[in-house]
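Asker: I'd like to ask some things about the structure below.
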Amino acid sequence: MYFLSLWLFSFLTLIVQVTLFDLLFHGTVVLELTMILVIYAGFKLDVTRGGILTFMIGLLYDAIAGIIPGLFIVIYMLIFFVAQGISDKVRVENSVLIMGFTCMSTFLEGVMIFFIYEVLLDIHLSKLLFVQVFVPQAVVLSILAPMLFSLFHRIEVIAGVGESK
Amino acid sequence: MVAIVLLLVAMVMLVFAIFNPSQKTGLLRKLALESIAPLEGMINTVSTGVGDVWERYIFLVNLGETNRTLVRDNASLSRKINEYREMHLEYLRLRKLLGLKEKTDYSTVAARVVGRKQSSLFETILINKGSNDGIRVDMPVETVNGVLGRVIEVSWSVSKVLLLVDYNSNIDTLIQRSRAHGILQGSGEKGCRLRYVRRTDDVVVGDVVVTSGLAGIFPKGLMLGTVDSVKKEETGLFQEIWVSPSANVTQIEDVLVILGDERRAE
């Protein structure tokens, strides 16, 4: 039941991400809410539950938007493990930490995508793309992250699963 | 432990996908596509409906002026169509004389876009037709204005299309006027870059770029776009050419998937 609700929730988050934002921004900005959900999983859930949730989100996002199978799963899993490592050492309720980590994770995603394209696939991406795509994404996601964290927490409580960490 | 296993699985998937790109869409990906596409389609239909009502019945500013312009354009286009009809008849007569076979009879399937730009970086769309309708990976997709891209993943009733502006897209092309050869590579929001066109080749701004038919995916002669800018560096073998795609990749509602050349199949 727990994993079914996780699956459903990941699914709904992704739906909001790929449809509603498209309507609002007409394809100019795609806000990766899924990234914030992954960070939330890293900060708040235990390794098994969070890991499975992250895998599910990555798999769904990969299937819907990805071109290279596994790319988003690997990126999200790595972000999840870094978040797990941090959550053991600091107080993760701190909004500044959440914002900072979201910003860093967005840049990490960008660096990994650039690395895979440039080094492994030999496709040269414009350097400007990093500034045009990942910088605005990092800024907006960082601002939204604390609010979404409290939203995810409420949903977790309403769903009756409670905090697992 | 479970999470580490999942990470390893994901890494294996990624490495396998990079070094051995598969033509088949896995079951999990098919299920994900099938489950999300109907919802996306429903939301898109509702939003398009609301947009239509707004544009047709509420937002009527400048309608009179637009109407006058359209009437003028219509008259001009009618004359042009007549000219082209004459030219086409002449072409048919000449072709008959030369004994050339018809090359542009393609069987197509119409599809509706159910999901637009899904990621900040990757330029893909989802369409509401899949393997049940005869669609396969690598089939070309076009709009009334020209080539849009090619199918990269196929599920039973949904397919994912890689747009020609994506960085992963490479299409073998010809400049229609001078027959100069090049590779059209996607460059995201900047449009497309025409690469490997020799310095000595004749290319000017406004030239039409069409598919060459050489790579075996796109039939020959499909409209791709027009040359936006041409730059020749003092050194180097090739020109720097930017192309504006003829298909409007941001506002697509319906597309045609080219299933194959009917005559060739016969």
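Asker: Just checking, which of B:Asp166, B:Asp172 is under 20 Å from A:Phe72 (Cα atoms), among the acidic types (Asp, Glu) and modelled with pLDDT of 90 or more? Working first, answer last.
Answerer: Working: B:Asp172 fails: under 20 Å from A:Phe72 (Cα atoms).
Result: B:Asp166 is the single residue among B:Asp166, B:Asp172 that is under 20 Å from A:Phe72 (Cα atoms), among the acidic types (Asp, Glu) and modelled with pLDDT of 90 or more.
Asker: Which of the residues spanning the stretch A:121-146 are more than 7 Å from chain B (Cβ to nearest Cβ) and hydroxyl-bearing (Ser, Thr, Tyr)? Full working, then the answer.
Answerer: Residues of the stretch A:121-146 that are more than 7 Å from chain B (Cβ to nearest Cβ), as a first pass: A:122, A:124, A:127-128, A:130-132, A:134-136, A:138-146.
Result: A:Ser142, single match.
Asker: Let me ask you something else. What's the number of the condition B:Asp201 fails, among (1) of a type outside the set (Ser, Thr, Tyr); (2) assigned to a loop (DSSP other than H, G, I, E, B); (3) closer than 30 Å to B:Lys129 by Cα?
Answerer: (3)
Asker: Here is a further query. Could you list, in sequence order, the residues of the stretch A:67-88 that are more than 7 Å from chain B (Cβ to nearest Cβ) and modelled with pLDDT under 85?
Answerer: Within the stretch A:67-88, A:Asp88 is the sole residue that qualifies.
Asker: Check A:Ser95 against each of (1) touching a Pro at 6+ places or on another chain (Cβ under 9 Å); (2) crowded, with 20+ Cβ neighbours inside 10 Å and name the one condition it does not meet.
Answerer: (2)
Asker: Looking at this structure, is A:Ile116 surrounded by fewer than 20 Cβ atoms within 10 Å (Cβ to Cβ) and closer than 24 Å to B:Gly149 by Cβ? Give the steps one after another, and end with the answer.
Answerer: On the way: surrounded by fewer than 20 Cβ atoms within 10 Å (Cβ to Cβ): yes; closer than 24 Å to B:Gly149 by Cβ: yes.
It is true that A:Ile116 is surrounded by fewer than 20 Cβ atoms within 10 Å (Cβ to Cβ) and closer than 24 Å to B:Gly149 by Cβ.
Asker: Here's another thing I want to ask about it. Residue under question is A:Tyr40, and the condition is that it be surrounded by 22 or more Cβ atoms within 10 Å (Cβ to Cβ), out of contact with any strand residue (DSSP E or B) (no Cβ under 6 Å at 6 or more places or on another chain) and either modelled with pLDDT under 85 or not small (Gly, Ala, Ser) (or both); does it hold? Please lay out each step first, then the result.
Answerer: Details: surrounded by 22 or more Cβ atoms within 10 Å (Cβ to Cβ): yes; out of contact with any strand residue (DSSP E or B) (no Cβ under 6 Å at 6 or more places or on another chain): yes; either modelled with pLDDT under 85 or not small (Gly, Ala, Ser) (or both): yes.
The answer is yes for A:Tyr40.
Asker: Quick check on B:Leu174: is it free of Cβ contacts under 8 Å to residues at least 60 places away in the same chain and either within 14 Å of chain A (Cβ to nearest Cβ) or not in a loop (DSSP other than H, G, I, E, B) (or both)? Show your work before the answer.
Answerer: Working: free of Cβ contacts under 8 Å to residues at least 60 places away in the same chain: yes; either within 14 Å of chain A (Cβ to nearest Cβ) or not in a loop (DSSP other than H, G, I, E, B) (or both): yes.
It is true that B:Leu174 is free of Cβ contacts under 8 Å to residues at least 60 places away in the same chain and either within 14 Å of chain A (Cβ to nearest Cβ) or not in a loop (DSSP other than H, G, I, E, B) (or both).
Asker: A follow-up question, please. For the stretch A:58-161, which fully contained helices (runs of 4 or more DSSP H) count at least 2 residues that are out of contact with any helix residue (DSSP H, G or I) (no Cβ under 8 Å at 6 or more places or on another chain) and either closer than 28 Å to B:Met13 by Cβ or free of Cβ contacts under 8 Å to residues at least 60 places away in the same chain (or both)?
Answerer: Details: elements: A:71-87, A:95-115, A:135-158.
The qualifying helices (runs of 4 or more DSSP H) are A:95-115, A:135-158.
Asker: Just for the stretch A:33-50: of the residues that are part of a helix (DSSP H, G or I) and out of contact with any Gly (no Cβ under 9 Å at 6 or more places or on another chain), which one is nearest to A:Arg91 (Cα to Cα)? Give the derivation first.
Answerer: First pass over the stretch A:33-50, keeping only residues part of a helix (DSSP H, G or I): A:33-44, A:47-50.
With the extra rule that they be out of contact with any Gly (no Cβ under 9 Å at 6 or more places or on another chain), the set shrinks to A:33, A:35-37, A:39, A:47-49.
Values: A:Leu33: 22, A:Met35: 20, A:Ile36: 17, A:Leu37: 18, A:Ile39: 14, A:Val47: 17, A:Thr48: 21, A:Arg49: 20 Å.
The extreme case among them is A:Ile39.
Asker: Something else about it: Do we find a residue being outside any loop (DSSP other than H, G, I, E, B) and under 24 Å from B:Ser120 (Cβ atoms) anywhere in the stretch B:212-226? Give the steps one after another, and end with the answer.
Answerer: Step one: of the stretch B:212-226, the residues outside any loop (DSSP other than H, G, I, E, B) are B:223-226.
Those left that are additionally under 24 Å from B:Ser120 (Cβ atoms): B:225.
Within the stretch B:212-226 (the criterion being outside any loop (DSSP other than H, G, I, E, B) and under 24 Å from B:Ser120 (Cβ atoms)), the answer is yes, since at least one residue qualifies.
Asker: Please work out if B:Ala37 is without any contact (Cβ under 8 Å) to a residue 24 or more places away in the chain, within 14 Å of chain A (Cβ to nearest Cβ) and either of a type outside the set (A, V, I, L, M, F, W, C) or assigned to a helix (DSSP H, G or I) (or both).
Answerer: Numbers: without any contact (Cβ under 8 Å) to a residue 24 or more places away in the chain: no; within 14 Å of chain A (Cβ to nearest Cβ): yes; either of a type outside the set (A, V, I, L, M, F, W, C) or assigned to a helix (DSSP H, G or I) (or both): yes.
Spelling it out, it is not the case that B:Ala37 is without any contact (Cβ under 8 Å) to a residue 24 or more places away in the chain, within 14 Å of chain A (Cβ to nearest Cβ) and either of a type outside the set (A, V, I, L, M, F, W, C) or assigned to a helix (DSSP H, G or I) (or both).
Asker: Please go through the stretch B:136-164 and pick out each residue that is surrounded by 23 or more Cβ atoms within 10 Å (Cβ to Cβ) and assigned to a loop (DSSP other than H, G, I, E, B).
Answerer: B:Ser155, B:Val158, B:Leu164
Asker: Select, from A:Glu109, A:Glu93, A:Glu118, A:Glu32, the only residue that is at the interface with chain B (Cβ under 8 Å from one of its Cβ atoms) and among the charged types (D, E, K, R).
Answerer: On the way: A:Glu109 fails: at the interface with chain B (Cβ under 8 Å from one of its Cβ atoms); A:Glu93 fails: at the interface with chain B (Cβ under 8 Å from one of its Cβ atoms); A:Glu118 fails: at the interface with chain B (Cβ under 8 Å from one of its Cβ atoms).
Going through A:Glu109, A:Glu93, A:Glu118, A:Glu32 in turn, just one is at the interface with chain B (Cβ under 8 Å from one of its Cβ atoms) and among the charged types (D, E, K, R): A:Glu32.
Asker: Right, next: Is the stretch B:124-145 home to any residue that is closer than 19 Å to A:Leu129 by Cα, modelled with pLDDT of 90 or more and of a type outside the set (A, V, I, L, M)? Spell out the reasoning first.
Answerer: Taking the stretch B:124-145 first, the residues closer than 19 Å to A:Leu129 by Cα are B:124.
Next, from what is left, pick out any that are modelled with pLDDT of 90 or more: none.
Among the residues of the stretch B:124-145, not one is closer than 19 Å to A:Leu129 by Cα, modelled with pLDDT of 90 or more and of a type outside the set (A, V, I, L, M), which makes the answer no.
Asker: Take the conditions more than 22 Å from B:Gly191 (Cα to Cα), surrounded by 15 or more Cβ atoms within 10 Å (Cβ to Cβ) and modelled with pLDDT of 85 or more and apply them to A:Val140. Does it pass?
Answerer: Working: more than 22 Å from B:Gly191 (Cα to Cα): yes; surrounded by 15 or more Cβ atoms within 10 Å (Cβ to Cβ): yes; modelled with pLDDT of 85 or more: yes.
Yes, satisfied.
The values are calculated or read from the model by the stated rules, or taken from the named source; none is laboratory data. Owing to the predicted nature of the structure, the values given are computational and were not obtained by experimental measurement. Ideal geometry is used to build each Cβ from the backbone, glycine not excepted, and the neighbour counts take in all protein chains shown.
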